[in-house]
Structures are given as C-alpha cells and as structure tokens.
Amino acid sequence: MSTTTVVHLLRHGEVHNPYGILYGRLPEFHLSDNGSRMAELAAEWFTGRDVAALYSSPLDRAEETAQPVADEFGVAVRLDERLIEAGNTFQGMTLSRRSVRDPRVLRRVYNPFRPSWGEPYSQIVTRMVDVIKVVRKEAWGREAVCVSHQLPIWMARRAAEKKRLWHRPDRRQCKLASVTSLTFEDQKLVSVGYAEPAADLYRRQGPLVPGA
C-alpha cells in the first residue's frame, strides 16, 4: 500500500506597502492588517488536517503568515532560504505603465524567457524542488506547509504540471494567502490542488505590487 503525503505551498498575505515599492527581498515589509487576517483565514483552512511540519521563507511577510499556522498546530516555524522570494533587479523601485519607456527598465527586459531581469526560472524550480523533497520526507504520510512567495510557488506548480516555465506574470494563479497543494503517493506526484482561503478579502484591496 502506498503512502500519501501532501505538501501545501502557502503564499503570504497582503503586505503594508503604501508607496507601491517592488519590495522583493527587502527587509521590514510586514503584513497589513488585511494581510494578517488573510493569514488567519489560511490557518483556519488547514484546521482538521494532519499538519506535521511548517517551513517558511525568512522574509518578514512570510514568517508572519506562518505564525497562525504554527499556533493552530503547535508546530515550530522552520526558516529555509530556498523558499525566499525570487531575486529581481527592479527591487526597491516603484514601477508604473510609463516605466516601459524608462531606459533603466528597457535594458533589463531583453529576455523574458530566462528572465533577464531576475533569478532564472530554472534556478527557482531547482531550489523549490529541493525543499519540497526535504519537507515531504519529514512529513511522510502526513501533511506539511511551506510559506513562500508568488513566483517561487508558481514555478514549482508549473514544473510539477510539466509546463514551460516562461509565462505572463498577470496570469499566475497564486493569489495572496492562496494554497497550492502537491499530493504524493510515495514519491510520485499524483495531483495539484489550489484554494483561496482569503478570497473574501480580495475585493477590499486596491492595486497591489508583487514582490517579484
């Protein structure tokens, strides 16, 4: 008989970012009040599940999203650099539609397939797969939660579904506090699921700036 293990990839909640900065890996970007509520709703979504391990990106917004899950299940949050946001050369900038005419932007966007402005998609997949394997082994026969960021989660999902890695960022299915669930039978991936525990809070938000 095979053993079922589920690894859930939880995206962090909304960030307090009034100036619309592309914050990337910058420190001191914390959850907004709405984002904290999103984290609570995500933790509630896991209620009744057999969560045995909890990992998080070391960035503030991810740790803060992980804490309600830790409180719910009485497990420690283990920080892992492999879950961190994707590297991005636009980090710290404020971008708009007019930015496409900015020479500082144009010289970085010559290759959307790698991409030229940030951490290679293939490199993101490698580190995400590595940590998923570790977490799956630790939670063998049970469930685990990994708190990460939109692009790393989306890359892990596209790799799991054997799809090409380059994509349109505006078509990622990975909203704030969403859960992408990878179900394994022994070591074989058998399904990919997706849920939005905090969907009721999305309509309260104004325009948001992603981390990468």
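Surface composition of the range 73-125: carbon and sulfur atoms hold 53% of the protein heavy-atom accessible area at a 1.4 Å probe. Note on V192 and S32: the extension gain reaches 54.7 nm, defined as 0.36 nm multiplied by sequence separation minus the Cα-Cα distance. Look at the dipole of the chain built from charges on Cβ: of A42, T126, T89, the Cα furthest out on the positive end belongs to T89. Mean residue ellipticity at 222 nm, helices only, the chain: -9000 deg cm²/dmol; runs of at least 4 DSSP H residues each add -39,500 (n - 2.57), and the sum is divided by the number of residues. Selection among L201, V15, V105 by position relative to the dipole of the chain gives V105 as farthest towards the positive end (Cβ unit charges, Cα centre).
3J(HN,Hα) couplings calculated from phi for the range 180-196 with the Karplus curve 6.51 cos²θ - 1.76 cosθ + 1.60 (θ = phi - 60°) are, in sequence order, 9, 10, 9, 9, 10, 9, 6, 9, 9, 6, 10, 7, 10, x, 8, 9, 10 Hz; Gly and Pro show x.
Excluding same-chain neighbours fewer than eight residues apart, the lysines reachable from K137 by a Cα-Cα span under 20 Å are K188. For Rg and Dmax of the Cα atoms in Å, the candidate list reads (1) 16.9, 59; (2) 16.0, 48; (3) 16.5, 53; the entry that matches the value derived from this model is (1).
The 3J(HN,Hα) values that the Karplus relation (6.51, -1.76, 1.60; θ = phi - 60°) gives for the range 128-135 are, in residue order, 5, 4, 4, 6, 4, 5, 5, 5 Hz. Gly and Pro appear as x. Counting protein heavy atoms only, the range 130-192 has 47 percent of its accessible area on carbon and sulfur, 1.4 angstrom probe. Sequence gap at least 6, Cα distance under 8 Å: using those rules, report the relative contact order of the chain to the nearest whole percent. So the answer I get is 35 percent. Stretching H16 away from K162 to a fully extended chain increases their span by 49.1 nm, per 0.36 nm per residue minus the current alpha-carbon distance. Ignoring ligands, DNA and RNA, what percent of the accessible area of the range 5-59 is carbon or sulfur (1.4 Å)? The computed percentage sits at 51. Length gained on full extension, T47 to S99: 14.4 nm, using 0.36 nm per residue less the C-alpha separation. Rolling a 1.4 angstrom probe over the protein heavy atoms with all chains in place gives the chain an accessible area of 51 Å² per residue.
Placing +1 on the Cβ of every Lys and Arg and -1 on the Cβ of every Asp and Glu, with no other charges, gives the chain a dipole of roughly 1380 debye about its Cα centre.
The values are calculated or read from the model by the stated rules, or taken from the named source; none is laboratory data. Keep in mind it's a predicted model, so treat the numbers as computed, not measured. Because the Cβ atoms are built from the backbone with ideal geometry, glycine has one as well, and the counts that use them run over all protein chains shown. These area figures cover heavy atoms from the full protein model, side chains too; ligands, DNA and RNA do not enter into them. Shrake-Rupley method; radii C 1.70, N 1.55, O 1.52, S 1.80 Å.
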